[in-house]
Amino acid sequence: MIKLDRNACTNFDAAASFEWLETNGTGGFAMGTVSGANTRRYHGLLTAATRPPLGRVTLLSKFEETLIIDSERYELSANQFPERVHPTGFRFLTEFRLDPFPIWIFEVNSIRIEKSVFMPNGFNSVVCRWTFLNARTNQRSVQLELRPLLSFTDYHHLQHADNKFDGSFNSREDVVTVKPYPNLPELNFSHNAIAIEATGHWYQNFELTIEKERGFDFYEDLFQPFAMHFDLNTSPTADVVASADLEVETNVDKLEKAELIRRNDLVRLAGGKTDLQKQLALAADQFLVARGNGQTVIAGYPWFSDWGRDTMIALPGLTLATGRSAIARNIILEFSKHISEGMIPNRFPDAGEIPDYNTVDATLWYFEAIRAYAETTGDHDLVQEVLYEQLADIIAWHVRGTRYNIHADTDGLLFAGSPDLQLTWMDAKIGNLVITPRTGKPVEIQALWYNALRIMADFATRFGHDQDLQRFDAMADLAKLSFNGLFWNEAEQCLFDVVENGHRDGSVRPNQIFSISLAHPVLNKEHWQAVVEKVEKELLTPVGLRSLSPKDPTYVPTYIGSPFDRDSGYHQGTVWGWLIGPFVDAYRKVHIDDETAIANMLAGFEQHLAEAGLGTASEIFDGDAPHTPRGCPAQAWSVGELLRVMNE
């Protein structure tokens with residue numbers, strides 16, 4: 001449980017910086033701030049995935065909430081408008097908990113109201129409940145008025161007052177239905193209100209402060225179609241289930257009980273011993289979503305879809321470390337359906353069904369994910385019967401050449417790219433400007449290539465493919481010999497980042513750590529300690545590794561400003577949380593049994609789970625202290641890598 005006290009809740013700037021997230025297992029989500037004010041275009045009570053896990057549309061933005069005590073009205077909501085916050089309901093907050101879903105406690109003139117929000121798994125629905133906590137001892141009239149604010153727009157976009165928006169509604173018994181646009185889903189509000197009152201007008205000029213900070217459009221309008229009135233003296237709970245699905249349970253007690261049981265089962269299945277591990281097990285579940293009849297990983301909330309690279313890196317931690325190997329198997333099989341020219345997709349676009357294959361490393365991480373799955377579960381039959389021939393074909397494609405000039409060179413190393421492409425995980429691009437093209441032979445790509453060859457040699461041994469074994473071993477031996485001859489930087493006592501046609505990039509980056517961290521290290525053992533010490537000294541922070549040494553003249557200490565400014569610094573010093581995983585792997589190989597030091601390295605993340613995205617791990621942080629969280633407040637590979645190294 002994560003808990004914020006009255007001081008944190010009633011400080012608007014603080015309360016607006018804490019974000020909560022609920023997901024539904026299909027790509028849909030609900031997200032907002034503790035303050036109640038939306039600060040991102042992605043904040044809303046119901047963003048539905050109309051083509052799971054994509055086709056996401058924000059339907060319901062929020063409720064305006066008014067508590068009425070003996071005819072006196074008290075606003076519980078909060079909104080940021082130009083130069084003012086109105087209303088200021090956060091002033092009545094005494095507590096916020098993530099327990100396991102978001103819970104607020106309001107106190108108004110001794111009246112205590114608990115508000116909770118959660119999403120039932122598998123449905124484009126959100127459940128909102130307001131409970132009158134001291135109803136039995138109260139002698140006053142207490143009513144609640146809720147006014148839904150509708151968005152009904154693509155979740156990347158902002159809504160503005162629109163004459164084509166159909167603001168009508170249909171009310172029957174305990175359900176109110178709206179359908180503002182014919183091409184978007186119908187939204188049903190199941191409720192126990194005593195009355196529905198027609199209103200019908202636009203609330204205008206909501207100011208989204210994070211969008212403003214990020215240099216994007218930041219004003220939004222929302223439509224308010226009706227008001228719902230609840231008598232909390234008669235029924236101490238006000239329940240609303242907002243759903244874009246027709247076949248969904250509307251009994252809130254049943255929905256809440258089922259969701260609590262499901263989440264408790266997840267924690268128990270993960271077997272975490274610490275509060276941090278238990279919370280991360282719940283966070284991991286948020287990224288595991290449906291794709292057709294299979295499953296995949298949402299790379300990050302709120303704006304990422306499912307990315308091949310992120311999925312394969314995060315998979316061992318999100319699934320194998322949490323006791324959910326069946327999901328790992330499903331994800332591996334799902335991506336096997338999309339292999340093309342020896343590559344798995346890098347990204348499934350929000351619009352359209354044609355995946356992007358613009359990456360050199362996602363496919364190599366696929367080998368590592370399969371290795372981890374087979375080693376953890378013992379399910380080598382899947383590899384032998386389904387995957388082995390596909391994996392061997394992937395190697396063959398890389399040897400003879402595939403997209404984007406990806407091919408094995410005569411020295412056995414993997415060449416990739418051109419100056420106008422961004423094929424590695426350092427993939428920032430602004431228009432036609434690639435910030436870190438890393439064309440040639442990037443250090444981590446060679447580590448992954450060698451690792452993939454050794455994995456295939458291991459599989460060939462197990463399955464009795466002697467000719468394959470000889471070929472993979474020979475390729476791996478040549479790659480390792482070439483790598484150690486080309487990449488060692490004697491002057492800096494570490495590895496070059498990229499080698500291309502005789503030029504060797506001496507930038508001190510975290511990519512070199514993979515030469516040690518992977519299951520099959522490509523770096524000669526005598527250099528392990530020097531590389532680990534170099535990375536620890538110049539790149540390690542309490543929340544991950546910097547993407548570039550602060551000693552480099554192109555180092556960018558903070559990730560702020562316009563989109564151009566931020567993209568320019570995305571991999572130029574920005575700290576990446578997921579990189580703590582490979583660093584811990586490498587550190588363990590050099591400093592055997594020094595788990596105290598590793599525990600200290602991970603301690604910063606325990607504190608981080610109570611800031612920014614509550615209960616989860618952010619994508620990136622500023623390079624300089626205090627390492628302010630930036631980017632996505634919930635990132636799959638950050639959570640996955642933490643779980644993986646803690647489990648190991």
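Would you mind stating whether Asp379 is open to solvent by 30 Å² or more (accessible area, probe 1.4 Å) and within 30 Å of Thr153 (Cα to Cα)?
no
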Restricting to region 400-416, give me the number of residues that are open to solvent by 30 Å² or more (accessible area, probe 1.4 Å) and either free of Cβ contacts under 8 Å to residues at least 24 places away in the same chain or of a type in the set (Val, Ile, Thr) (or both). 4
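Among the residues of region 361-375, is any in a loop (DSSP other than H, G, I, E, B) and open to solvent by 40 Å² or more (accessible area, probe 1.4 Å)?
No.
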Test set (1) surrounded by fewer than 18 Cβ atoms within 10 Å (Cβ to Cβ); (2) at pLDDT 95 or above - Ile580 fails condition number: (1)
Quick count over region 50-88, residues being among the basic types (Lys, Arg) and crowded, with 20+ Cβ neighbours inside 10 Å, is 2
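Can Pro120 be described as assigned to a loop (DSSP other than H, G, I, E, B), farther than 27 Å from Asp217 by Cα, open to solvent by less than 20 Å² (accessible area, probe 1.4 Å) and not hydroxyl-bearing (Ser, Thr, Tyr)?
It is true that Pro120 is assigned to a loop (DSSP other than H, G, I, E, B), farther than 27 Å from Asp217 by Cα, open to solvent by less than 20 Å² (accessible area, probe 1.4 Å) and not hydroxyl-bearing (Ser, Thr, Tyr).
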Residues of region 174-233 that turn out to be assigned to a strand (DSSP E or B), of a type in the set (Val, Ile, Thr) and closer than 30 Å to Ala14 by Cβ, as a count: 0
Quick check on region 199-211. Is at least one of its residues among the β-branched types (Val, Ile, Thr) and open to solvent by less than 20 Å² (accessible area, probe 1.4 Å)? no
Does Arg91 satisfy the criteria of being in a loop (DSSP other than H, G, I, E, B), open to solvent by 20 Å² or more (accessible area, probe 1.4 Å), charged (D, E, K, R) and in contact with a Phe, Trp or Tyr (Cβ under 9 Å, 6 or more places away or on another chain)? no
Within the set of pairs 6+ apart or on separate chains, which have a first residue in region 512-532 that is among the acidic types (Asp, Glu), a second that is modelled with pLDDT under 95, and C-beta atoms under 8 Å apart? none
Test: residue in region 588-596 that is crowded, with 20+ Cβ neighbours inside 10 Å and in contact (Cβ under 8 Å) with a residue 12 or more places away in the chain: no
If Ile344 meets every condition in (1) under 30 Å from Phe101 (Cβ atoms); (2) without any contact (Cβ under 8 Å) to a residue 60 or more places away in the chain; (3) open to solvent by less than 10 Å² (accessible area, probe 1.4 Å); (4) aliphatic (A, V, I, L, M) apart from one, which number is that one? (1)
Looking only at region 256-312, filter to residues that are open to solvent by 10 Å² or more (accessible area, probe 1.4 Å) and among the polar types (S, T, N, Q); which one of those is farthest from Ala326 (Cα to Cα)? Thr274
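Restrict the check to region 489-501 and report whether at least one residue is touching a strand residue (DSSP E or B) at 6+ places or on another chain (Cβ under 8 Å), open to solvent by 20 Å² or more (accessible area, probe 1.4 Å), touching a residue at least 40 places away in the same chain (Cβ under 8 Å) and part of a helix (DSSP H, G or I). Don't jump to the end; show me each part of the working.
Restricting attention to region 489-501, the residues satisfying the condition of being touching a strand residue (DSSP E or B) at 6+ places or on another chain (Cβ under 8 Å) are 489, 495-501.
Checking which are open to solvent by 20 Å² or more (accessible area, probe 1.4 Å) leaves us with 496, 500-501.
From the residues that got through so far, the ones that are touching a residue at least 40 places away in the same chain (Cβ under 8 Å) too are 496, 500-501.
Of the ones still in play, those that are also part of a helix (DSSP H, G or I) are none.
So far as region 489-501 goes, no, none of its residues is touching a strand residue (DSSP E or B) at 6+ places or on another chain (Cβ under 8 Å), open to solvent by 20 Å² or more (accessible area, probe 1.4 Å), touching a residue at least 40 places away in the same chain (Cβ under 8 Å) and part of a helix (DSSP H, G or I).
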Considering only region 123-139, I want to know if a residue exists there that is out of contact with any helix residue (DSSP H, G or I) (no Cβ under 8 Å at 6 or more places or on another chain), of a type in the set (S, T, N, Q), under 30 Å from Val289 (Cβ atoms) and not in a strand (DSSP E or B). yes
Residue among Lys179, Lys164 that alone is basic (Lys, Arg) and surrounded by 13 or more Cβ atoms within 10 Å (Cβ to Cβ): Lys179
Modelled with pLDDT of 95 or more, crowded, with 19+ Cβ neighbours inside 10 Å, part of a loop (DSSP other than H, G, I, E, B) and not hydroxyl-bearing (Ser, Thr, Tyr) - does that describe any residue in region 242-250? yes
Would you be able to say whether some residue in region 444-464 is open to solvent by less than 10 Å² (accessible area, probe 1.4 Å) and β-branched (Val, Ile, Thr)? yes
If you take the residues in region 3-40 that are open to solvent by 30 Å² or more (accessible area, probe 1.4 Å) and hydroxyl-bearing (Ser, Thr, Tyr), which one is nearest to Glu211 (Cα to Cα)? Ser17
Tally up the residues in region 313-331 that are surrounded by 24 or more Cβ atoms within 10 Å (Cβ to Cβ) and assigned to a helix (DSSP H, G or I), please. 10
Of the candidates Val522, Val556, the one satisfying the condition of being touching a helix residue (DSSP H, G or I) at 6+ places or on another chain (Cβ under 8 Å), part of a loop (DSSP other than H, G, I, E, B) and within 21 Å of Leu413 (Cα to Cα) is Val522
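The values are calculated or read from the model by the stated rules, or taken from the named source; none is laboratory data. None of these values were measured; they are calculated from a predicted model. Neighbour counts are summed over all protein chains in view; Cβ atoms, including those assigned to glycine, are modelled from backbone coordinates with ideal geometry. Side chains included, ligands, DNA and RNA excluded: accessible areas come from the protein's heavy atoms. Shrake-Rupley method; radii C 1.70, N 1.55, O 1.52, S 1.80 Å.
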